[in-house]
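**Q** One structure follows; several queries about it will come next.
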Amino acid sequence: MIRSAFRAPAILLTAIVFAACGGDETAPEEGHTPDAARLFVNGTDVTDGLVLLAGETVRVEVRFIHDGEVITGIEGEHHARLTFTPATLAIVANVPDHNFQKDVTAQNHPGAGSVMVDYGHEEAADELSFGPFPVGVVAAGASSSPSAAEGEMAPRIGGRR
């Protein structure tokens, strides 16, 4: 009798603890369908002008946005794809276990173009598209943005220093 009196509160306490933790802490937030995408390199937002060093590789992170907020908890079941125009501007490689991160290797000579960001449930990421976003490839030592011809300057992002 005494044993069962202690068992019920223990079971109840265990249930409360698991309910408070939520059990699935990686569950997607409400509104997990993005209405925008942003590009980041080393934590810096480069959506308005991704500048790559010729011949260098940089890791680009895609963050999908819904109603102005970054959507979290969906990377395991969703995929991103980067498509550069011209296609020779950069080569994209997947990062294992990180569907929203890509290793991008710039072409070996300066150039300009754009990148589209695609989103989807399958690896093809063919459900939604965002962009185009400006991209520039600069020679080592250069620090101009893709729109440098218009007089704007941006810090050099990515590559090895």
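The values are calculated or read from the model by the stated rules, or taken from the named source; none is laboratory data. No experiment lies behind these values; they were computed from the predicted model shown. Calculation scope for accessible area: heavy atoms of the full protein, side chains included, ligands and nucleic acids excluded. Shrake-Rupley method; radii C 1.70, N 1.55, O 1.52, S 1.80 Å.
**Q** Quick one: 3J(HN,Hα) in Hz for region 67-73, Karplus 6.51/-1.76/1.60 with θ = phi - 60°, rounded, Gly and Pro as x.
**A** 6, x, 10, 5, 7, 10, x
**Q** With a 1.4 Å probe and every protein chain kept in, tell me what percent of the accessible surface of region 54-95 is carbon plus sulfur.
**A** With neighbouring chains kept in place, the figure for region 54-95 is 51 percent.
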